[in-house]
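Read through the structure below, which is laid out as structure tokens, and then see the notes.
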Amino acid sequence: MFGVVYFLLILMCAPLGPSQSFAETLVLKSGKELQGKIVENTADYLAIDCGSGPLYFEHNAVRAVIVDQLHKEQDVSLQSPEEFLDRGIALAAEEKLEEAAFIFSEGLKQFPDDRNLEAALRIINDVSSGNVTREYAIKVFCGARALTNQLYETALKELLDAVRENPEDTDVYYNIAVAYQGIERHHDALRWLSKLTEARPEDAEAHALMGIEYYLIGNSLRARQSLIVARELFRKQGILDKAEEIEQLLRDIK
């Protein structure tokens, strides 16, 4: 489950070649901003040329790199959080994490309470801070894109590979459960949802999906129990439209 704080991005691409003409703004953690061109970007540091030669900074001194030309070229004519999420996931799955981060950020400006956009951007932020590898993030996004295209077996391969690398990322558990649901392996879906709700008992979406899974295997009692928990959590979180959707499901389950 992709999951308000905006997460800023340190540019993680390969060193830029001389034929590229991107204009960048380097934002330091001190608050100072430098405008120029990123001429070198390694695992330990990056360098920006502001016109008088390169200046070098370690990544831990950098808050963000804003790629102005890249942002201008992105057509952000998106209308819903789902459209922003789908566009960003597609870019990230193509290893364009910087462009994806821009899309997620733009989506959060319009929909600051969207947990999926927040979680997706957090993954890229974790790459920039060194908490996860770039390869891990790409696997997660490839799995999410496969889910969007209903390629459930492909999604499982990517997501299970990812969770083996980083078993603490509980956001991935939800997507694994969705993939298992897609191939009607409901007990496997419930196993991952149980792990998720144990780690995050306040996760209303997880409880809701668990309720649906119990209903699909014919356990109406457990389905109602999980859906009631989800409904109350949604109400507590002020997400009343979701709470009403769950209420309708409860009316339909005898």
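The values are calculated or read from the model by the stated rules, or taken from the named source; none is laboratory data. Given the structure is predicted, the values throughout are model-derived calculations rather than measurements. Cβ sites come from the backbone with ideal geometry, for glycine too, and all protein chains shown count toward neighbours.
Of all residues in the stretch 132-177, how many are among the aromatic types (Phe, Trp, Tyr) and closer than 15 Å to residue 95 by Cα? Total meeting the criteria: 2.
One residue alone among 62, 140, 76, 67 is at pLDDT 90 or above and among the β-branched types (Val, Ile, Thr), and that residue is 140. When 196, 190, 216 are checked against the criterion of being farther than 16 Å from residue 247 by Cα, touching a Ser or Thr at 6+ places or on another chain (Cβ under 7 Å) and not assigned by TED's automatic domain parsing to the domain that holds residue 154, a single residue qualifies: 196.
Filtered by the rule that a residue be out of contact with any Gly (no Cβ under 8 Å at 6 or more places or on another chain), part of a helix (DSSP H, G or I) and among the β-branched types (Val, Ile, Thr), the stretch 74-130 gives 89, 123, 124, 127. Do we have residue 160 as out of contact with any Gly (no Cβ under 8 Å at 6 or more places or on another chain) and outside the structural domain of residue 135 (by TED's automatic domain parsing) here? Considered against the rule, which asks whether it is out of contact with any Gly (no Cβ under 8 Å at 6 or more places or on another chain) and outside the structural domain of residue 135 (by TED's automatic domain parsing), residue 160 comes out as no.
Scanning the stretch 78-94 for residues that are over 17 Å from residue 111 (Cα atoms) and either surrounded by 16 or more Cβ atoms within 10 Å (Cβ to Cβ) or outside the structural domain of residue 114 (by TED's automatic domain parsing) (or both) returns 90, 91, 92, 93.
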